[in-house]
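The values are calculated or read from the model by the stated rules, or taken from the named source; none is laboratory data. Since the model is a prediction, treat every value here as computed from it, not as a measurement. For neighbour counting, all protein chains shown are included, and Cβ atoms are generated from backbone atoms with ideal geometry for every residue, glycine included. Just the protein is used for accessible areas: all its heavy atoms, side chains included, with ligands, DNA and RNA removed. Shrake-Rupley method; radii C 1.70, N 1.55, O 1.52, S 1.80 Å.
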Amino acid sequence: MSETVIRENDGTYAMINVFEVEPEKQQELAEVLSEGAEKFIRHRPGCISVNILTSLDGKRLVYYAQWVSKADIKATMGDPDVQVYRDRAAALAKPDPHAYTVFAVHHPEN
């Protein structure tokens with residue numbers, strides 16, 4: 001079982017897509033993205049995890065996916081099945097996707 005763990009210098013990549021969405025469409029957007037993740041994304045080579053976060057004001061949704069490599073992200077984004085969900089999501093909200101690496105992680109002292 002894999003899980004989302006954020007660490008510095010672990011070699012993983014994050015694809016973060018921040019959607020600006022009308023509050024009445026946030027739930028539908030979350031359901032579309034969750035369905036795409038369940039049916040296709042999580043089964044793609046290199047996928048570590050997919051996390052969908054909804055803002056409390058209903059105006060944003062963050063799609064946070066962790067990947068083994070940039071090549072895995074690129075290959076997945078080229079998959080026609082994945083593109084269907086990307087297009088459905090873009091019809092509901094304004095996406096702003098970017099790939100990231102972790103610069104720093106800070107935790108409180110125990």
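At a glance:
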{"item": "Lone qualifier among GLU3, GLU8, GLU22 - being out of contact with any His (no Cβ under 8 Å at 6 or more places or on another chain) and modelled with pLDDT of 95 or more", "result": "GLU22"}
{"item": "Residue that is least open to solvent (accessible area, probe 1.4 Å), among those in region 26-60 that are outside any strand (DSSP E or B) and among the hydroxyl-bearing types (Ser, Thr, Tyr)", "result": "SER55"}
{"item": "Residue satisfying condition, being touching a residue at least 12 places away in the same chain (Cβ under 8 Å) and either surrounded by fewer than 12 Cβ atoms within 10 Å (Cβ to Cβ) or in a helix (DSSP H, G or I) (or both), within set ALA99, ALA89, ALA14, ALA65", "result": "ALA89"}
{"item": "Residue tally, condition open to solvent by less than 40 Å² (accessible area, probe 1.4 Å) and in contact with a strand residue (DSSP E or B) (Cβ under 6 Å, 6 or more places away or on another chain), over region 69-81", "result": "1"}
{"item": "Unique residue being among the hydrophobic types (A, V, I, L, M, F, W, C), farther than 16 Å from GLY11 by Cα and more than 11 Å from the chain's Cα centre (by Cα) when the list is VAL62, VAL84, VAL68, VAL50", "result": "VAL84"}
{"item": "Flag if VAL84 is of a type in the set (A, V, I, L, M, F, W, C) and open to solvent by less than 50 Å² (accessible area, probe 1.4 Å)", "result": "no"}
{"item": "Test for GLU8: is it part of a loop (DSSP other than H, G, I, E, B), in contact (Cβ under 8 Å) with a residue 40 or more places away in the chain, of a type in the set (Asp, Glu) and open to solvent by 40 Å² or more (accessible area, probe 1.4 Å)", "result": "yes"}
